[in-house]
1. Hey, could you check the range 76-113 for residues that are basic (Lys, Arg) and within 26 Å of the chain's Cα centre (by Cα) and say which is modelled with the highest pLDDT?
2. Answer yes or no as to whether LYS157 is charged (D, E, K, R) and touching a helix residue (DSSP H, G or I) at 6+ places or on another chain (Cβ under 7 Å).
3. Would you be able to tell me the number of residues in the range 38-75 that are under 30 Å from the mean Cα position of the chain (by Cα) and either assigned to a helix (DSSP H, G or I) or among the polar types (S, T, N, Q) (or both)?
4. Looking only at the range 160-176, count every residue that is more than 18 Å from GLN143 (Cα to Cα), surrounded by 15 or more Cβ atoms within 10 Å (Cβ to Cβ) and out of contact with any helix residue (DSSP H, G or I) (no Cβ under 6 Å at 6 or more places or on another chain) and tell me the total.
5. Within the range 138-153, track down each residue that is surrounded by 17 or more Cβ atoms within 10 Å (Cβ to Cβ) and at pLDDT below 85.
6. Could you give every pair whose Cβ atoms fall below 6 Å, whose first residue belongs to the range 241-263 and is touching a residue at least 24 places away in the same chain (Cβ under 8 Å), and whose second residue is open to solvent by 70 Å² or more (accessible area, probe 1.4 Å) and part of a strand (DSSP E or B), counting only separations of at least 6 or pairs across chains?
7. Counting just the residues of the range 32-65 that are among the polar types (S, T, N, Q) and touching a helix residue (DSSP H, G or I) at 6+ places or on another chain (Cβ under 9 Å), which one comes out nearest to GLY78 (Cα to Cα)?
Amino acid sequence: MGIAKVKTGARIIHVPVSLIRSNPLQPRMYFDDESIELLASSVGAIGIIEPLTVYENEEHGYTLLSGERRLRAAQKAGLARVPCILLDMVTTERFFAGLVQDTQSKKLNFFEEAMVIDKLCSVTGLDYNGAAVRLGISPDVMQSKLRLLRIPVEMRKTIVENGLTERHVNILLRLPSDSDKETLLREIVTGRLNVSQTAKKCSEILACGRKKQGTVIRYFSDITVFVNSIEKAVNTMMSSGIGARFKRRETENTIDFLISIPKNG
């Protein structure tokens, strides 16, 4: 278990598992326990083939840059040491390298990719255009991915667990309220709707919402016309010399009228 030179600023060492802590800025949110168990069986039999990537931290231990699944599998398999590539970089560059590695290797789902971009901007101070250049994507693609973070966190897990696509999510984002999004998401999952079917359901929900809104507006408009008609009728009687009396009172749920008209005019 010697140390092998890999490239400038990087080398392979065998690190005690107990000295490696997970990356506090780990973008991956979901780890499949079953796949970790399978990987642990493989790791226990043949060891770690692809080294983890780490850097030394101030506590004289190591912080993981990439390889969270392999580290978890090694822990389950009871390995004492694991091969690691030790990088020597400044903080922002080491963080950036880990994010780029995870993004380019397609190990992240689309929500995690969006979180990568958001974290990259906040940690490094890069603007969106600068982050897009560093990640090798266009600003339009980056903005599209950041929009995905408008989906509530609790809904993201359901989306990922049911294997829905980024196109499904973009359709959900057309709906104005989270309750409408939740309603459509339930229909997608229970009905196993494809993208085309999802778009159709979304249009139906939007149309229903516009119809309800229009009904409410017409209803209140009719009430206003009705109230004005009553007041106009009473005013007409009073201007004609009829001693009518009119009182109006509004409560939270009603508009009350008291109209007194003398029998003798």
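1. The initial filter retains those residues of the range 76-113 that are basic (Lys, Arg), namely 76, 81, 94, 106-107.
Applying the additional criterion that residues be within 26 Å of the chain's Cα centre (by Cα) yields 94, 106-107.
Numbers: ARG94: 58, LYS106: 55, LYS107: 65.
Only one residue tops the list, namely LYS107.
2. Values: charged (D, E, K, R): yes; touching a helix residue (DSSP H, G or I) at 6+ places or on another chain (Cβ under 7 Å): no.
For LYS157, the condition - charged (D, E, K, R) and touching a helix residue (DSSP H, G or I) at 6+ places or on another chain (Cβ under 7 Å) - is not met.
3. 11
4. Kept after step one, since they are more than 18 Å from GLN143 (Cα to Cα), are these residues of the range 160-176: 160-164, 175-176.
Then keep just the ones that are surrounded by 15 or more Cβ atoms within 10 Å (Cβ to Cβ); that gives 160, 164, 175.
Cutting the leftovers down to out of contact with any helix residue (DSSP H, G or I) (no Cβ under 6 Å at 6 or more places or on another chain) gives us 160, 164.
So the answer is 2.
5. Result: MET142, single match.
6. PHE257/ARG248
7. Initially, the range 32-65 is screened for residues among the polar types (S, T, N, Q), giving 35, 41-42, 53, 57, 63.
Remaining after also requiring touching a helix residue (DSSP H, G or I) at 6+ places or on another chain (Cβ under 9 Å): 35, 41-42, 53, 63.
Working: SER35: 17, SER41: 10, SER42: 12, THR53: 19, THR63: 19 Å.
The extreme case among them is SER41.
Yes or no, residue by residue, for (1) at pLDDT 90 or above; (2) small (Gly, Ala, Ser); (3) closer than 26 Å to LEU149 by Cα:
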{"position": "ILE171", "(1), (2), (3)": "yes, no, yes"}
{"position": "ARG174", "(1), (2), (3)": "yes, no, yes"}
{"position": "LEU185", "(1), (2), (3)": "yes, no, yes"}
{"position": "SER203", "(1), (2), (3)": "yes, yes, yes"}
{"position": "SER229", "(1), (2), (3)": "no, yes, no"}
{"position": "ILE242", "(1), (2), (3)": "no, no, no"}
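The values are calculated or read from the model by the stated rules, or taken from the named source; none is laboratory data. What you are looking at is a predicted structure, and each value in this text was computed from that prediction instead of being measured. Cβ atoms come from the backbone with ideal geometry, glycine included; neighbour counts cover every protein chain shown. Side chains included, ligands, DNA and RNA excluded: accessible areas come from the protein's heavy atoms. Shrake-Rupley method; radii C 1.70, N 1.55, O 1.52, S 1.80 Å.
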